[in-house]
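What follows is a short report on a single structure.
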Amino acid sequence: MYKKYNFRWLKHLDFILLDVLCLHIAFVISYIIRHGASNPYAREGYLMISVVFTIVDFLSAISFESMKNVLKRGYYKEMASTLRHSLIVIALTVAYMFTIKESETYSRAVFLMMAVIYPLIAYLVRLLWKKRVIAHLKNTDLSTVIVITIRDYAERLVKDLSASKDVVGVITMDSSIIGEPVWGGAKIVSSYEKAAEYICRLAVDEVYISVPRDWALPRKLIGQIISMGIAVHVEMDSLTDFEVENQFVEKIGGHNVITAALSTATPMQAFLKRAMDILGGAVGCLITLVLCIFIAPAIKILSPGPVFFRQERVGRGGRRFMMYKFRSMYMDAEERKAALMKNNRIKDGMMFKLDEDPRIIGSRFTEDGTYKKGFGNFIRDTSLDEFPQFFNVLKGDMSLVGTRPPTVDEWEKYELHHRARLAIKPGITGLWQVSGRSEITDFEKVVELDKRYICEWSLGLDLRILVKTVGVVLGRKGSL
């Protein structure tokens, strides 16, 4: 799902929220030093002023752009920025107190100590959080992009795009010397004739196309890439009358481009979806801890080995990650999979699903051939085995609602249009799962439902799917 706009403050919302947390910590410490070990929020006046300085802190960070270039600031500049922001927040809060003529209600010592403790804590937290974020962003922040152009344009485009994108390769329409370096580590990665197949197997978010005006646009290739769910940027100087749905004009690396994608989302929509994921993920993780008290011993007794099952899956844009579940199968389940493939309900092998899986913990076939379910079937039928995936949601690998992440071997079998499933983050549940998952055995139908979800996505649709998921689970109409 391509993000169409850019709101600066949303980009560093984590720093703003951490700053608000630091302000409250400083407030509590200052209050305890002055009044002893008691709860400041229990006193109506202090509770009210805490709401005020929370709003002041949040709005000041946005209005004065306190977090602008936060990842690029050194120690000295960060200290100066933290002090400036802290003084603004304290000053505006005190000004509010005097304006409503309630300043006598509060201890001046509390706010004097806050003015000292708050910037110290905020500065330390910013440094620690920046260290973590910078390390994380080296691999995940910049959108990965493939450049398709002619050889004479390649070096200039890579230089221009590298400031805001992670250029993972160049495909030239007039050259096919694979491995030839272009600039800054980028190199030619595929011949133009095999571009679609190469891009299909690659972890990439976007494709940038720039050709001379007198060259024909690679329309077939553009259509193939869009069908994979990958956003396509076509430089406006290259355009004549190319038309696709969901297109808009933007500037990338100093170049005006037309961007086309299966669907688009504003940063506000993306923020709300992520906020919903964080909230749901946090609650889900707490429930998982409670479930672990009961499920872990049962797994250990019935099948000695790890409680959690880890498997590499393919997520948004082809990125790989480790997905977690409560282990519902015996330890040798993967080794036995090949022998059971002949019973796979998904006949084209694009997914693996058995009606009576003997690899599930506690299950067995009786002497008369009857399949008896066990503990593993119970946690699968009730979807309890899925709960550790809330940790994946909290990490950002997955979303509450999305498409199901394929295994690596399934992904390697994908045709071009199948890759559209990777246009968004995978989800614990989705449109396919609440549309009769147990009855759907045609992978093309799965792809159709996933693509429909991507193209029609909205927060309202996510909420409807979540509500329907609860109904499916409670009705025990098959695991999600």
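The values are calculated or read from the model by the stated rules, or taken from the named source; none is laboratory data. Keep in mind it's a predicted model, so treat the numbers as computed, not measured. No Cβ is skipped: glycine too gets one built from the backbone with ideal geometry, and neighbour counts run over all protein chains shown. To get the accessible areas, we keep the full protein, side chains included, count just its heavy atoms, and leave off ligands, DNA and RNA. Shrake-Rupley method; radii C 1.70, N 1.55, O 1.52, S 1.80 Å.
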Report summary line: Computed for the chain: size of charge dipole around the Cα centre, +1 on C-beta of each Lys and Arg, -1 on C-beta of each Asp and Glu, debye to nearest 20, value 1180 debye
Query - Among the listed pairs Lys425/Lys445; Lys159/Lys413; Lys273/Lys468; Lys300/Lys425, those beyond 23 Å (Cα-Cα) - result: Lys159/Lys413; Lys300/Lys425
Requested in this report: Output the peptides 217-225, 292-300 sorted from most to least packed, where packing is the average of other Cβ atoms within 10 Å over each peptide's residues.
Outcome: 217-225, 292-300
Query raised in the report: By how many nm would the segment from Asn39 to Lys77 grow when fully extended, if each residue of separation counts as 0.36 nm and the alpha-carbon distance is taken off?
Result: 10.2 nm
Requested in this report: Mind checking which of Gly317, Tyr330, Ala296 is farthest towards the positive end of the stretch 295-337's charge dipole, using Cβ charges of +1 (Lys, Arg) and -1 (Asp, Glu) about the Cα centre?
Outcome: Gly317
Query raised in the report: With helices defined as uninterrupted DSSP H runs, which ones in the chain have an alpha carbon span along their own long axis of at least 15 Å and mean Kyte-Doolittle hydropathy of at least 1.0?
Result: 13-35, 44-63, 267-302, 459-475
**Report entry** the chain - percent of accessible surface contributed by carbon and sulfur, probe 1.4 Å
**Finding:** 60 percent
Report summary line: Out of Trp432, Trp411, Ser399 - ranked by how far each Cα lies towards the positive end of the dipole of the stretch 380-467, with unit charges on the beta-carbon of charged residues - the top one is Ser399
Report summary line: With the dipole of the stretch 120-232 defined by +1 on each Lys or Arg Cβ and -1 on each Asp or Glu Cβ, the option from Val125, Ala163, Gly184 whose Cα lies farthest towards the positive pole is Val125
Report task. Set the Förster distance to 25 Å, then compute FRET efficiency between Leu124 and Leu286 from the Cβ-Cβ distance, nearest 0.05. Result -> 0.35
Requested in this report: Could you provide, to the nearest whole Å², the per residue accessible area of the stretch 271-400 with probe 1.4 Å?
Outcome: 51 Å²
Report summary line: CD proxy, 222 nm, the chain: helix-only mean residue ellipticity via -39,500 (n - 2.57) per DSSP H run with n ≥ 4, per residue, nearest 500, stands at -15000 deg cm²/dmol
Query raised in the report: With each label point set 7 Å from Cα along the Cα-Cβ vector, what nm distance links Leu279 and Ala109?
Result: 4.0 nm
Query raised in the report: If you compute Kirkwood radius over Cα pairs in Å for the structure shown, which of (1) 28.7; (2) 23.0; (3) 25.9 do you land on?
Result: (3)
